[in-house]
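A quick write-up on the structure given underneath.
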Amino acid sequence: MEYPFQIIGIIRSCFKEKFGVPRQPGLATEARATLELQPPYDRPESLTGLEGFSHLWVVFVFHQALRDGWRPTVRPPRLGGNRRIGVFASRSPFRPNPIGLSVVALEKIDTSSAGCHLHLRGADLLDGTPVLDIKPYVPYCDALPEATAGFASAPPEEVFAVGFSEVAEVQCAAREAAGNPGLRKLIEQLLRLDPRPAYCSRRSPDEDGKPARQFGMRLYDIDLRWRVEEGRVLVTELLAVPDAGTGG
Ligand code: SAM
């Protein structure tokens, strides 16, 4: 039997690469995205009534995690990347059907000009993510305060304070003024969660005498440079990525 699913829309988000994307929605409330409905689903009447809901479920394809075959166990970063659990006990992008589910805040619905655009906040979605469906978040049945959550029973710890170099401070303010509102807060929200791969976060630079490694991360059309030093994150520079779009 065939199940003919169609892509109803595409996400335009501030996240241009996987590195640094929050591991769940809501962890970075400043993470902005726009869902652009695609023809023939870009009909304003298909959204009638949705304006009354503050949050949405987005059902999407992990389009950058497609691989042949699947493995029954995965190693979630949450467990330090060295403990295996069942794929169906995880939210890993690598699963038999690469389908993701995220609850996001619905800020605004725009059906005025070029199509139907839903403005979202708190996304954990890459730019270009194909969307299969959206559904309103309904607190009386979707919010379950008595639920238990195994190895993910608490939100991830915020590991670091985040500081900006003088240069980065000026560059960030200029970007905010030029059309990336909330950028400073977004950077803080992302970096305080320590997006480094587990093998880096286990290694302290003081232990082996090597200088702190520089990391680069793509946000909007910005190449964000930062490092971990003296127990905090220091944002060193915000560089422009040449010829990049600014989606989200
Ligand atoms: N909330 C969703 C869920 O539970 O199904 C996604 C959780 S998954 C652990 C979140 C990670 O998926 C992000 O940190 C990012 O690295 C990755 N991701 C987001 N969008 C993606 C896409 N379109 N393709 C592949 N990976 C993606």
**Q.** ³J(HN,Hα), Karplus 6.51/-1.76/1.60, whole Hz, each residue of the range 6-16, x for Gly, Pro
**A.** 10, 7, 8, x, 10, 8, 10, 9, 6, 9, 9
Q.
Going by amide H atoms built from the backbone, whose H comes under 5 Å of the H on ILE99, apart from near neighbours?
A. PHE62
Q.
If amide hydrogens are placed 1.01 Å from N in the peptide plane, which non-local residues have theirs closer than 5 Å to the one on ASP223?
A. LEU239, ALA240, VAL241
Q. Once phi is turned into ³J(HN,Hα) by the Karplus curve 6.51 cos²θ - 1.76 cosθ + 1.60 with θ = phi - 60°, what whole-Hz value does each residue of the range 62-76 show in order, with x for glycine and proline?
A. 6, 5, 9, 9, 7, 8, 6, x, 8, 10, x, 10, 9, 10, x
Q) the chain: Rg/Rh from Cα coordinates, Kirkwood Rh? A) 0.98
Q: Return a whole-number percent for the relative contact order of the chain, with Cα pairs under 8 Å and 6 or more residues apart as the contact set.
A: 27 percent
Q: Choose one of ALA173, PHE19, VAL162: the residue whose Cα lies farthest towards the positive end of the charge dipole of the chain (beta-carbon charges +1 Lys, Arg; -1 Asp, Glu; about the Cα centre).
A: PHE19
Q: Put one equal scatterer on each alpha carbon of the range 161-240, apply the Debye formula with no solvent term, and list log10 I(q)/I(0) at q = 0.21 1/Å to two decimals.
A: -0.94
Q: Compute the whole-percent fraction of alpha carbon pairs in the range 9-150 spaced more than 20 Å apart.
A: 51 percent
Q) Over its Cα atoms, what ratio of radius of gyration to 2.2 N^0.38 Å does the range 129-176 give? A) 2.03
**Q.** Mean accessible surface per residue for the chain, computed with a 1.4 Å probe while every protein chain stays in place, in Å²
**A.** 57 Å²
**Q.** Charge dipole magnitude, Cβ of K and R +1, D and E -1 - the chain, Cα centre, debye nearest 20
**A.** 880 debye
Q: Net charge near ASP42: determine it from the other residues with C-beta under 12 Å of the C-beta of ASP42, scoring Lys and Arg +1 and Asp and Glu -1.
A: -2
Q: Using only Cα atoms, tell me the angle between helix 166-177 and the longest principal axis of the chain; keep it within 0 to 90° and round to the nearest 10.
A: 20 degrees
Q.
Charges at C-beta only: +1 for Lys and Arg, -1 for Asp and Glu. How large is the resulting dipole of the range 132-235 about its Cα centre, in Debye rounded to 20?
A. 260 debye
Q: Report, by chain and number, residues whose modeled amide H sits under 5 Å from the one on CYS116, excluding near sequence neighbours (fewer than 5 apart, same chain).
A: LEU37
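The values are calculated or read from the model by the stated rules, or taken from the named source; none is laboratory data. None of the values given here were measured: they were computed from a predicted structure. No Cβ is skipped: glycine too gets one built from the backbone with ideal geometry, and neighbour counts run over all protein chains shown. Just the protein is used for accessible areas: all its heavy atoms, side chains included, with ligands, DNA and RNA removed. Shrake-Rupley method; radii C 1.70, N 1.55, O 1.52, S 1.80 Å.
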